[in-house]
Structures are given as structure tokens and as C-alpha cells.
Amino acid sequence: MKFFQTTYRVIYGDVDSMKMAYYANYLRWFEIGRSELIRHLGLPYAEIEAMGYLLPVTEAFCKYSKSARYDDILLINTGVGFVRKASMRFDYRILNQENDLLVQGYTVHACLDQEGKLVRIPESVFALLGKWE
């Protein structure tokens, strides 16, 4: 699978009293990776919304291997797992600066119109994501 990589430094607000990252933050970091991949492909999420489409998460999965810690630089790797008629999946691998795998997972997204009705993914989005798949 082809991955796009972006980085993030763990801030104090991301960690608990043991200076280990709070588990739900990994989903935020997935979102950073997904947003940056889509931006890298030339179609920022704001433009998808301006076209009248929403891409809510319908499923999320995380498998934790090791904790991120305060001040770690994270390597957020994001790939396209699949693109179907009205849904898509993004796959993630987050590593620390020593290349230790911290978490891997995925999110599945539906394509909705402004009224919340399930619709086909617009051809322009389908084509861009399909190239990365």
C-alpha cells in the first residue's frame, strides 16, 4: 500500500499525567493524516464540502502497540484502503521518530449530500483517491 506521510509533535495537552498520549488522540492524528493526504492530492476537504458533500466517519478501528509520549515527533502514514460507490476507507500507521509502530488502524467514511442522504462519491474525488489506492 502506498502511504503519504506527515508529522506531528506531541504537545503537553495530548498526554496524561504519565506523559503518555491519551488513547483518543490517535483518532485526531488519523484525521490530520487524512486531511493532509487529501490536501496533497489537490482537493482539500473544504473544497469537497463546498461541492456539497460530507464524508462522516462510519467506522473506526485502532490497534495500539506502544504509547506516544510528550514531545515525540509522530510520523503519520495514511493510505487509501478502498474507494467504493458511496464509501471510502483510509488506513493509518503512526510511528515515533525511532520508527517504532505505535498504532495502526483505519476509518471508513460515507459520502453524504447536504441533507445527510447517502450519495455516490463525486467522480473527481473518486478519481483522485482511486489513483492513490
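Could you say whether any residue in the stretch 9-27 is within 19 Å of Ala110 (Cβ to Cβ) and either touching a Cys at 6+ places or on another chain (Cβ under 9 Å) or among the acidic types (Asp, Glu) (or both)? Outline the logic, then answer.
In the first step, residues of the stretch 9-27 are kept if they are within 19 Å of Ala110 (Cβ to Cβ); the result is 27.
When the remaining residues are screened for being either touching a Cys at 6+ places or on another chain (Cβ under 9 Å) or among the acidic types (Asp, Glu) (or both), the result is 27.
Within the stretch 9-27, one or more residues are within 19 Å of Ala110 (Cβ to Cβ) and either touching a Cys at 6+ places or on another chain (Cβ under 9 Å) or among the acidic types (Asp, Glu) (or both).
Can you find a residue in the stretch 5-19 that is touching a strand residue (DSSP E or B) at 6+ places or on another chain (Cβ under 6 Å), among the aromatic types (Phe, Trp, Tyr) and over 25 Å from Glu98 (Cβ atoms)? For the stretch 5-19, residues touching a strand residue (DSSP E or B) at 6+ places or on another chain (Cβ under 6 Å), among the aromatic types (Phe, Trp, Tyr) and over 25 Å from Glu98 (Cβ atoms): absent. Of the numbered criteria (1) farther than 30 Å from Tyr12 by Cα; (2) at pLDDT 95 or above, the one Phe90 fails is (1).
Only one of these is polar (S, T, N, Q), in contact with a Lys or Arg (Cβ under 6 Å, 6 or more places away or on another chain) and within 16 Å of Met1 (Cα to Cα): Thr107, Thr78. Name it.
On the way: Thr107 fails: in contact with a Lys or Arg (Cβ under 6 Å, 6 or more places away or on another chain).
When all the criteria are applied, what remains is Thr78.
I'm trying to understand the selection: among the residues of the stretch 94-133, which are touching a helix residue (DSSP H, G or I) at 6+ places or on another chain (Cβ under 9 Å) and among the charged types (D, E, K, R)? Matches in the stretch 94-133: Arg120 only.
Can you pull out every residue in the stretch 99-129 that is among the acidic types (Asp, Glu) and under 22 Å from Arg28 (Cβ atoms)? Spell out how you get there, then give the answer.
Taking the stretch 99-129 first, the residues among the acidic types (Asp, Glu) are 100, 113, 115, 123.
Of everything in the stretch 99-129, just one residue is among the acidic types (Asp, Glu) and under 22 Å from Arg28 (Cβ atoms), namely Asp100.
Comparison of Ile121, Ile32 shows that the only residue that is among the hydrophobic types (A, V, I, L, M, F, W, C), surrounded by 14 or more Cβ atoms within 10 Å (Cβ to Cβ) and either in a strand (DSSP E or B) or out of contact with any Ser or Thr (no Cβ under 7 Å at 6 or more places or on another chain) (or both) is Ile121.
For residues that are touching a strand residue (DSSP E or B) at 6+ places or on another chain (Cβ under 9 Å) and either among the polar types (S, T, N, Q) or assigned to a helix (DSSP H, G or I) (or both), tally how many sit in the stretch 39-59. Give the steps one after another, and end with the answer.
First pass over the stretch 39-59, keeping only residues touching a strand residue (DSSP E or B) at 6+ places or on another chain (Cβ under 9 Å): 40-41, 48, 52-59.
With the extra rule that they be either among the polar types (S, T, N, Q) or assigned to a helix (DSSP H, G or I) (or both), the set shrinks to 40, 48, 58.
The number of residues fulfilling the criteria is 3.
Scanning the stretch 7-30 for residues that are among the charged types (D, E, K, R) and without any contact (Cβ under 8 Å) to a residue 40 or more places away in the chain yields Asp16, Arg28.
Mind listing whichever residues of the stretch 81-101 are in contact (Cβ under 8 Å) with a residue 60 or more places away in the chain and either in a loop (DSSP other than H, G, I, E, B) or not basic (Lys, Arg) (or both)?
Within the stretch 81-101, the first condition is being in contact (Cβ under 8 Å) with a residue 60 or more places away in the chain, and the residues that meet it are 81, 90-94.
If the condition is that a residue be in contact (Cβ under 8 Å) with a residue 60 or more places away in the chain and either in a loop (DSSP other than H, G, I, E, B) or not basic (Lys, Arg) (or both), then Gly81, Phe90, Asp91, Tyr92, Ile94 are the ones that fit.
State all residues of the stretch 60-79 that are assigned to a strand (DSSP E or B) and in contact (Cβ under 8 Å) with a residue 60 or more places away in the chain; if no residue qualifies, say none. Full working, then the answer.
Looking only at the stretch 60-79, we keep the residues that are assigned to a strand (DSSP E or B), and these are 60-64, 69, 73-79.
Residues satisfying the conditions are Ile73, Leu74, Leu75, Ile76, Asn77, Thr78, Gly79.
The values are calculated or read from the model by the stated rules, or taken from the named source; none is laboratory data. Just so it is clear, the structure is predicted and the values come from calculations on it, not from any experiment. Cβ atoms come from the backbone with ideal geometry, glycine included; neighbour counts cover every protein chain shown.
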